[in-house]
Amino acid sequence: MFTAPMTAAPPKTTPAEMTSLEAAADAMADRHVAWEDFDTMLDDMAAALGRVADFFGFRAAPQEVQAIADGPLMKRYSKALEYEYSPSLRNELIAEQISLAGHEIDEALAMLGASSEKSLLLARALERTREA
């Protein structure tokens, strides 16, 4: 069963998204699937973009990948580009919500853990969050 007290950050992807991705991967068993953890990507975006480029067979010089990672779009909120948004601001906002609603988040994570006992896709998705 998945349990994660709020001393660790909760998964930042919704259960529906997580299980949908697992189902899609199952449906494409004859294809290669690369899994990337978004928080890991944010820790070193240039390295992550390099891994993704390699996976798709794109040739990109390290300085090109670094230029993309350092570019202006990587400092904007993807759903509203007029807003600046950085990994550190994202972490601050998540930490703020954990401090405000940590107990409720813990309860929701416990419910997910219980649900994962009946859902193989959810169990795999939650396990993947622990691996990251």
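Every number here is computed from the coordinates shown, using simple stated rules; none is lab data. Here the structure is a predicted model, which means the values were calculated and not measured. Every residue, glycine among them, receives a Cβ derived from its backbone with ideal geometry; neighbour counts consider all protein chains shown.
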(message) Which count do you get for residues in region 54-105 that are surrounded by 12 or more Cβ atoms within 10 Å (Cβ to Cβ) and basic (Lys, Arg)?
(response) 3
(request) Can you run down the residue pairs with Cβ atoms below 9 Å, 6 or more apart or on separate chains, where the first is in region 22-41 and loosely packed, with under 10 Cβ neighbours inside 10 Å and the partner is among the aromatic types (Phe, Trp, Tyr)? (result) His32/Phe55; Ala34/Phe55; Ala34/Phe56
(message) With the structure loaded, tell me whether Leu112 is of a type outside the set (Lys, Arg), surrounded by 15 or more Cβ atoms within 10 Å (Cβ to Cβ) and in a helix (DSSP H, G or I) or whether it fails that test.
(response) yes
